[in-house]
Amino acid sequence: MAIMEIIAHANHIRMSPRRLRLVADVVRGLSIDRAEGQLFATALRAAGPLTKLLHSAIANAEQNFDCVRENLYIKSLMVNEGPTLKRSRPRAFGRATPIRKRSAHIALVIAEREEGKKGGRARRDALRSQRGEVAHNKKKEHATHEHEEKQNVPTTDHHAAATVPGRLAGRHHVEGAKENVHDRGGKSSKGFLKRLFNRKSGTA
C-alpha cells in the first residue's frame, strides 16, 4: 500500500529563509500534534507562517484524502530562497546604503504513517522504558547480593572493634595497652618512671 503524501506550498513569504529554517528544523519529522505544540510554544515570528501552512495541509488531508489526523506527520519541510527586493536607505554626506528585503518559499509534505508502525518518539520512549526496567532489575539484584554477603560475614572481635566510634576505640586501645603492661612480669611503667626520676635527682 502506497503511503499518502499531501503537499502544501507557501510562496513569497516576506521573511528571510534563515529565520524560517530556525523553526522548520525543530518541527521536521514530528507528528502533527507535537508540531503544533512546538509552533505554539515558539516565540519566534517565523512560527506564524509555518503554523498557517501546517493547518492548510491538515485540512487538505482530512477533506480531500480522508486521512486520520493521528496518523499524520511532517515528512518533509523545505525553505527555499525567494526574490529579494532591493531598496536603499539615506545616510550621512548624501550617501545611500542598500537594503535587501528577502523572501522565502516554503514546501511542506505531510504523510500518513504505516499501520502498526510507531513514530520515532514512541520508539525512543519504549526503548528507554525497557532500559530503565533492566537497569532497575540489575540494581535490585546487586543490592540483594550485597545484603546476602553481609549476612554471611562472621562477626569476629576485630570486626566488632572496627564498628566502635573513634574516641571509644582509642580508649579501648589505651586500656588494653595498660593491661598488657601490667601482665608482663607484674611490672608497670610507673615504677620505671619513678626509678628514672630518682636517678636524675641523685637519690638512686
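Each value in this text was obtained by applying a stated rule to the coordinates, not by laboratory testing. Fair warning: this is a prediction, and the values are worked out from it, not measured in the lab. As a convention, Cβ positions derive from the backbone with ideal geometry for all residues, glycine included, and neighbour counts pool all protein chains shown.
According to the square roots a ≥ b ≥ c of the eigenvalues of the Cα gyration tensor, what is the shape class of the range 5-115, taking rounded for a/c under 1.5, prolate for a/b larger than b/c otherwise, and oblate for the remainder?
Numbers: a/c = 3.62, a/b = 2.63, b/c = 1.38.
Prolate shape, in that a/c is at least 1.5 and a/b is the bigger ratio.
Taking 22 Å as R0, compute the FRET efficiency from the Cβ-Cβ separation of ARG45 and SER76 and round it to 0.05.
Numbers: r = 23 Å, r/R0 = 1.04.
Working from the Cβ atoms, E equals 0.45.
Can you tell me how the range 48-108 classifies by the Cα gyration tensor, rounded, prolate or oblate, using a/c under 1.5 as the rounded cut?
Working: a/c = 5.11, a/b = 4.41, b/c = 1.16.
Prolate, since a/c reaches 1.5 and a/b exceeds b/c.
I need VAL26, VAL68, VAL79, VAL109 ordered by Cβ neighbour count within 10 Å, fewest first. If you can, show how the numbers build up before the last one.
On the way: VAL26 18, VAL68 10, VAL79 26, VAL109 14.
If I rank by nearby Cβ atoms, fewest first, I get VAL68, VAL109, VAL26, VAL79.
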